[in-house]
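Taking it in order: structure first as structure tokens, then the write-up.
The values are calculated or read from the model by the stated rules, or taken from the named source; none is laboratory data. A quick note: this is a predicted structure, and the numbers were derived from the prediction, not measured. Here the Cβ positions follow ideal geometry from the backbone for every residue, glycine too, while neighbour counts run over all protein chains shown.
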Amino acid sequence: MSDNNETPKQPTPPKRPASSTGKQPKLPSSYYNAISLTGAAMAALSLALILFLYALERFGSHTSSPYVGIIAFVILPVFLIIGLALGAFGALRQQRRRKLGLGHTERLPRIDLNDPTHLRGTVLVGGGFLLFLALSAFGSYQAYEYTESDKFCGTTCHTVMKPEYTAFNNSPHQRVGCVKCHIGEGAEWYVRSKMSGAYQVYSVIFNKYSKPIETPIRNLRPSRDTCEQCHWPEHFTGQKMKTFDYYGREEGNTHWSLKLLMKIGSGGGTGEPAHGIHWHTVNTINYVAADDRRLEIPWVKFTGKDGREKIYRSTEAEMTDADAATKEQRLMDCIDCHNRPTHHYLPPSRLVNRDIANGLIAQDLPGIKSLLVGLMEATYKTEDEALEAIEVGTHKFYDENHPEVARARVGEIEMAIVRAQTLFKTNIFPEMGVSWRGFPDHIGHLTTPGCFRCHDGKHQTEDGEVLPRDCDLCHTIVSQVRKTGEEVVSLESVEYVHPEDIGDEWKTTNCNECHGQ
């Protein structure tokens, strides 16, 4: 038979590359390329690090940083996905090139360490890679440490947080890191907190954030996971004496004061029954708020240890149990009263009272209380405008109304100006629209509804039981220095007398309706 009648030979398909032992590799030949192997190495390393950090988070010390979560559950998964994608891309690329008849490499490069050239190249590349890993690890750790710092939270990426950062640095919690309260321990709440703040990041980048920045009440972690790691309510006990100094707005800045024995009480952890203010911390109290800031609370439910329930409804609001069932029923905890534990923005009247009582502002400067409070409460567009207005306004007042004081007491007037400017800078932020007006403090009841949100004498059950409005529930007035200079003292409780003659109006009208303006 001639050669022309022979059957044409079919091309032989490429063989899978054999290993050094002569065995066929376990994976398809298209996987053996530099891109796929690089992706596989990246994915394997990322997975190993994720498992290691998860074990560290799960079984390690409770003092581990909240920011371990960002590495283990945010950054490394990105590299894991990239590695897997590279592996798939490399394999598909090899298959496509084979179909198109293009050159493709499916054999691994060989490194012969007996060859001096190969040896030098391996040492050089390997050493450089190890050095790169060491420097990357050091840099990553430094970046991680910095992102954990209060400075990062308050200044670097959150310049709009100037009010919060300033208040934080002037608070009793200055040495407690931001992440300790805002995130706490564990990866779950880290991820949740960052997810809830994702829109805020977008807002900062594109200058779409609100002014002021809203307090994220709904996203806060329960206080038992944060506050109660240091403050243990079951073991609160006793009473605490507090003195409050006030000065009138007339020219003489008349002084009067109160000494209150605060009934801190106990959560019942010391063997005695729960009582006093912190009785609320160990009893089950749910409530429904009618507004986002939780200033109006029309519905309250108390559940006793025996399972009995009492529901108190405000007589000034129409809210049935069916209505309450459709709304958020919040379990009362520390934050419902201590809602400004760190970021305090105090009203000017309280700030000036405190400075006069501490001798930082001269009490006998005519009209100084009313003057400084009026200047600080005015509306300004910028901080610089406010500081200038305080200085100019103070000098103008004394030059026009008390020229002899302006000449004789220059130092005390300057000191009053400096203090007022300092108080303004640390409590009022015009550019961000932040002041005490928009951030009420629920402790007390002078400038905000506070306790009277529930204890207003208007919340009652169907059978007529009323949440009392009795001041002695929380404190006993053991002393009152009245404007006449008379001091009245009683360990049983002094009958309060309002500094201004308003009759019994103060008994039925909440304090904040006058003082909270």
Point to revise | Residues (more than 14 Å from Lys259 (Cβ to Cβ) and touching a residue at least 24 places away in the same chain (Cβ under 8 Å)) located in segment 477-503 | key: Lys483, Pro499
Exercise for review: Scan segment 159-184 residue by residue and report those that are within 14 Å of the chain's Cα centre (by Cα) and part of a loop (DSSP other than H, G, I, E, B).
Suggested key: Ser171, His173, Gln174, Val176, Gly177, Ile183, Gly184
Review point. Within segment 458-471, how many residues are within 33 Å of the chain's Cα centre (by Cα) and either part of a helix (DSSP H, G or I) or of a type in the set (Val, Ile, Thr) (or both)?
Key: 1
Point to revise | Qualifying positions in segment 268-322 - in a strand (DSSP E or B), of a type outside the set (Val, Ile, Thr) and under 26 Å from the mean Cα position of the chain (by Cα) | key: Asn286, Tyr287
Review point. Which members of segment 242-281 meet the condition of being surrounded by fewer than 17 Cβ atoms within 10 Å (Cβ to Cβ) and on the phi > 0 side of the Ramachandran plot?
Key: Gly271
Revision key, fill the gap. Within segment 400-431, the residues that are acidic (Asp, Glu) and surrounded by 13 or more Cβ atoms within 10 Å (Cβ to Cβ) are Glu412, Glu414, Glu431
Check your understanding: Looking at (1) under 30 Å from Ile311 (Cα atoms); (2) surrounded by 14 or more Cβ atoms within 10 Å (Cβ to Cβ), can you tell me which one Asp463 breaks?
Key -> (2)
Practice item. Please identify the pairs in which a residue from segment 315-329 that is assigned by TED's automatic domain parsing to the domain that holds His459 has its Cβ atom under 7 Å from the Cβ atom of a residue that is at pLDDT 90 or above and assigned to a loop (DSSP other than H, G, I, E, B), counting only partners at least 6 apart or on another chain. Key: Thr315/Lys458; Glu316/Lys458; Ala317/Ala290; Ala317/Pro298; Met319/Pro298
